[in-house]
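**Q** Pasting a structure below so you can have a look.
The values are calculated or read from the model by the stated rules, or taken from the named source; none is laboratory data. Remember, it's a predicted structure, so these values are computed and weren't measured experimentally. Quick reminder, even Gly has a Cβ in these numbers, built from the backbone with ideal geometry, and neighbours come from all protein chains shown. All accessible areas refer to the heavy atoms of the entire protein, side chains included, with ligands and DNA or RNA removed. Shrake-Rupley method; radii C 1.70, N 1.55, O 1.52, S 1.80 Å.
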Amino acid sequence: MAFSSFFSRLRSCSKPICRNLRTSNFQRPHIPSSLTEPVTCSRKGQGTIPSWVASLIPLALAVSAGSLALQSQNYPSLCLNDAPLSDPKSGKNGGKGSTDYVVKGSLRKVPPELIEELKGICQDNMTMDEDERYVHGKPQNSFHKAVNIPDVVVYPRSEEEVSKIVKSCNMHKVPIVPYGGATSIEGHTLSPYGGVCIDMTLMNRVKALHVEDMDVVVEPGIGWMELNEYLESYGLFFPLDPGPGATIGGMCATRCSGSLAVRYGTMRDNVINLKVVLADGEVMKTASRARKSAAGYDLTRLLIGSEGTLGVITEVTLRLQKLPQSSVVAMCNFPTIKDAADVAIATMHSGIQVSRVELLDEVQIRAINLANDKKLPEIPTLMFEFVGTEAYAREQTQIVQKIASEHYGSDFVFAEDSEEKKELWKIRKEALWACFAMKPKFEAMITDVCVPLSHLAELISRSKQELDASPLTCTVIAHAGDGNFHVVVLFDPTKEEQRREAERLNHFMVHTALSMEGTCTGEHGVGTGKIKYLEKELGIENLRTMKRIKDALDPNNIMNPGKLISPHICF
């Protein structure tokens, strides 16, 4: 077949993807000195509000919200606890209508008594070194920044230590921020209020493997790639594959998925139960190890996607899958991105149990060529994976090849050799780092949206028109089989107008997706970056319910404050 010559061309002159970019690309951003001071109650263009007036603002807003939205005088004021903002409706800290990428927050000195308690719990596994605190407070891949960084970083080794840490922080009302692989995009691990960062990476053991039941019990700090290396010799694997470096705990917290979600589902479909440390230090198990249960509230699903705002995950029981007997990876080119999206939709409608359907636009292919000295055709490209028996995988491949030919597809090639397949998927997995080969000194705003599958082609076409018209370099990557669409926007961090343009493009894609009954995030999560879109997507009643749950489980608001729930939400 023609693939051998194609693959040799693909692999020729291949080199590792710009490892130096991973360190040289991300430098401490310049934050105006005015933002590094604790936030006071003031409004632009006015003097500082007297403290007695500031103290009445939450009460006034709560009374207003209660009279307008609830038509009742029986509800107490329950705006975001300890809100550090001058006005909960001002849009700061990701509030409704916010366009500020720097997350502001008040900073209160950590009591020395708490420092001593943490030393007693963690011994040498804690640090107050500025460089370590900076690394933990300024995630490399996030467009969003925070004024403050954590005051202390601790590295617990056991669930008992996590429980003691959280209990002490709760007693002193000091914020905590759980920290895993630091691969999140939307500012989940920012520390806008300082406090204690709980780095879970030392809790990385496989606690139990049940081969006959096809499940595994792990600590949250283990990475999904390391877990799959461990499972391979047992003929099993964990099917979710987000970015390299992601840990199981962080994957649960953000409810992530990956390219295999089209076949195996997202994190909420693959977690059987959790153990979680609540805000008061109590350890809770969410469910049994049974594959299904109708017993009680589904607390497992409540915690998955809660982004550390309700508890710290200390143990995860995962559903596993058998390694496929055979697989085929295919690649096909298209004249337009709409043609490629139409083929992805037609493939899903055909009933084929495809394992992956990934779409890359011509700009992303150009970046891959530049980063790896490859010579791929720089046009929209679809990548597929089919699994099953050898005969079934080949049959699926032939059906999709026919579908592609009906939508102007060309250069349809496929690989069955193990090394060839790995080389193809390596292209997709390292796409972000390839982007920086085009603009080595730039930063990236990475965003994702998701729509019902029937709207995917329209969403991508409309977004692509806007992206191509922008002066910024933008690449498109989509998990096309489930309607999930990603964009990488490269911008010069020294030019504010480019940062604003990146944010404008993000707004456009999100609002376009919401107009199609979609979501502001398919798998990256909310963090601080997507808070501002939740009211439009979910409605104020939904957000009030989330706020009630948050207040019930975390009355002191110490659990990753400033994330997921907008500060303008009151009830």
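**Q** In whole Å, what is the distance between the alpha-carbon centres of segment 242-266 and segment 442-469?
**A** Distance between centres, Cα-based: 21 Å.
**Q** Explain nothing, just compute: Karplus ³J(HN,Hα) = 6.51 cos²θ - 1.76 cosθ + 1.60, θ = phi - 60°, for every residue of segment 442-453 in order, whole Hz, x for Gly and Pro.
**A** Values per residue, Gly and Pro as x: 8, 9, 10, 9, 10, 9, 9, 9, 8, 9, x, 3 Hz.
**Q** Then there is this: Probe radius 1.4 Å, ligands and nucleic acids ignored: give me the carbon and sulfur share of the accessible area of segment 301-353 as a rounded percent.
**A** Reported share for carbon and sulfur atoms: 50 percent.
**Q** Please give the contour-minus-distance gain from TYR297 to LYS536: 0.36 nm per residue of separation, less the Cα-Cα distance, rounded to one decimal in nm.
**A** Result for the pair: 83.3 nm of gain on full extension.
**Q** Kindly provide the GluC sites (Glu not before Pro) of segment 310-393 that DSSP labels as loop, not H, G, I, E or B, and whose Cβ sees at most 11 other Cβ atoms within 10 Å.
**A** Hits after loop and neighbour filter: nothing returned.
**Q** In units of 2.2 N^0.38 Å, what is the alpha-carbon radius of gyration of segment 354-404?
**A** Cα Rg divided by the expected 2.2 N^0.38 Å: 1.38.
**Q** Can you give me the long-range amide H partners of LEU323? Hydrogens built in the peptide plane at 1.01 Å from N, cutoff under 5 Å, separation of 5 or more residues or another chain.
**A** Those qualifying (amide H under 5 Å, at least 5 residues apart or on another chain) are LEU236, PHE237.
**Q** How high is the FRET efficiency from LYS422 to GLN353, r the C-beta distance, R0 22 Å, rounded to 0.05?
**A** Plugging the Cβ-Cβ distance into 1/(1 + (r/R0)^6) gives 0.50.
**Q** Using a 1.4 Å probe on the protein heavy atoms only, what accessible surface does THR512 show? Give it in Å² to the nearest 10.
**A** THR512 exposes around 10 Å² with every protein chain in place.
**Q** Quick one: P(r) of segment 255-387 from all Cα-Cα pairs, 5 Å bins, percents rounded to integers, in order of increasing distance.
**A** Taking all Cα pairs of segment 255-387, the binned fractions are 2, 9, 14, 15, 13, 11, 11, 10, 8, 6, 2, 0 percent.
**Q** Continuing with this model, one more query. Name the long-range amide H neighbours of VAL103: under 5 Å, sequence gap of 5 or more, or other chain; modelled H, no Pro or chain starts.
**A** Placed amide hydrogens put LYS145, ALA146, VAL147 under 5 Å from VAL103.
**Q** Right, something else. Please enumerate, by chain and number, the lysines with C-alpha under 25 Å from the C-alpha of LYS167, excluding those fewer than 8 residues away in the same chain.
**A** LYS167 reaches LYS109, LYS119, LYS207, LYS275, LYS285, LYS547, LYS550, LYS563.
**Q** At 0.36 nm per residue, and after removing the present C-alpha to C-alpha distance, how many nm does the segment from LYS439 to GLU232 gain when stretched out fully?
**A** Using 0.36 nm per residue and subtracting the Cα-Cα distance, I get 70.8 nm.
**Q** Hey, got the dipole for segment 419-571? About the Cα centre, +1 on K and R Cβ, -1 on D and E Cβ, debye to the nearest 20?
**A** Charge dipole, segment 419-571, about its Cα centre: 280 debye, nearest 20.
**Q** Can you return the lysines within cross-link range of LYS429? Criterion is Cα-Cα under 26 Å, with same-chain partners fewer than 8 residues away left out.
**A** List returned: LYS15, LYS138, LYS145, LYS322, LYS338, LYS374, LYS375, LYS421, LYS439, LYS441, LYS464, LYS530.
**Q** Could you point to the residue in GLY245, GLY305, SER327 farthest towards the positive end of segment 223-334's charge dipole, with +1 and -1 charges on the Cβ of Lys/Arg and Asp/Glu respectively?
**A** The listed residue farthest towards the positive side: SER327.
**Q** Is the shape of segment 215-298 best called rounded, prolate or oblate, per the rule: a/c under 1.5 gives rounded, else a/b larger than b/c gives prolate, else oblate, with a ≥ b ≥ c the square roots of the Cα gyration tensor eigenvalues?
**A** Here segment 215-298 falls in the prolate category.
**Q** Additional query: How many percent of the accessible area of segment 204-283 is carbon or sulfur, using a 1.4 Å probe?
**A** After summing per-atom areas, the C and S share lands at 45 percent.
**Q** Once the piece of chain linking LYS119 and ALA552 is laid out straight, how much longer is it, given 0.36 nm per residue of separation minus the C-alpha distance between them?
**A** Result for the pair: 152.9 nm of gain on full extension.
**Q** Another one. Straight-line reach from LYS164: which aspartates and glutamates have a Cα under 19 Å away, not including same-chain ones fewer than 8 places off?
**A** GLU113, GLU116, GLU117, ASP124, ASP151, ASP199, GLU219, ASP280, GLU282, GLU315, ASP554
**Q** Okay, moving on. Which FRET efficiency, nearest 0.05, do GLN398 and LYS109 yield, Cβ-Cβ r, R0 45 Å?
**A** The formula returns an efficiency of 0.10 here.
**Q** Taking θ as phi - 60°, what are the ³J(HN,Hα) couplings along segment 156-161 by the Karplus curve (6.51, -1.76, 1.60), each to the nearest whole Hz, with x for Gly and Pro?
**A** Once θ is set to phi - 60°, the couplings for segment 156-161 become x, 10, 8, 4, 4, 5 Hz.
**Q** Give a residue-ordered list of calculated ³J(HN,Hα) values for segment 217-231 (Karplus: 6.51 cos²θ - 1.76 cosθ + 1.60, θ = phi - 60°; whole Hz; x for Gly, Pro).
**A** Using θ = phi - 60°, the values come out as 10, 9, 7, x, x, 6, x, 5, 6, 5, 4, 5, 4, 5, 7 Hz.
**Q** May I pose another question? Within the accessible area of segment 493-571, what % is carbon and sulfur when the probe is 1.4 Å and the other protein chains stay in place?
**A** Reported share for carbon and sulfur atoms: 54 percent.
**Q** Amide H neighbours of GLY265 under 5 Å, counting only residues 5+ apart in sequence or on other chains, H built in-plane at 1.01 Å?
**A** Counting only residues 5 or more places away or on other chains, the set is empty.
**Q** For ARG500, what accessible surface area do you get with a 1.4 Å probe? Give it in Å², rounded to 10.
**A** So the heavy atoms of ARG500 present about 140 Å² to solvent.
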